[in-house]
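What follows is one structure encoded as structure tokens, with my remarks underneath.
What follows is calculated from the coordinates using simple rules that are stated; it is not laboratory data. Quantities reported herein were computed from a predicted structural model and do not represent experimental measurements. Note that each Cβ is placed from the backbone with ideal geometry, even for glycine, and that neighbours are counted across all protein chains shown.
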């Protein structure tokens, strides 16, 4: 019985550690982290929490379901990107471009959004709880 338990544990441990910061395409993740440029990259579900992506080129990237909690996206270009269901809690988005970006279901809790261009973005069911929004045409409630 102990051998079976040890065997299961030996198989499970690598799986737990290999899931950290995984994307559909690990080469795309590495390119982003090294160069801060990853246009049209596949970064579905990637963990980029607390990452400094200042001025990053993420145009047309697929970041659906990504964890960007606490990420610094100051000046980042996410034009045409898919952020559906992403977590941007505590993220900093100053002078970022979210033009034509899919923001459906994004969590912007406590995010700081200063002068973000959201022209043409899809913004259904977003969470703006305690978000700081300045010079960005998003609002909580109203028309």
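According to the square roots a ≥ b ≥ c of the eigenvalues of the Cα gyration tensor, what is the shape class of region 50-95, taking rounded for a/c under 1.5, prolate for a/b larger than b/c otherwise, and oblate for the remainder?
It comes out oblate by the Cα gyration axes.
Å³ per residue of the Cα convex hull, for region 20-143? Walk me through the intermediate numbers first.
On the way: hull volume 9.6 nm³, N = 124.
Here the figure is 77 Å³ per residue.
Please rank 52, 115, fewest neighbouring Cβ atoms within 10 Å first, as an exposure proxy.
115, 52
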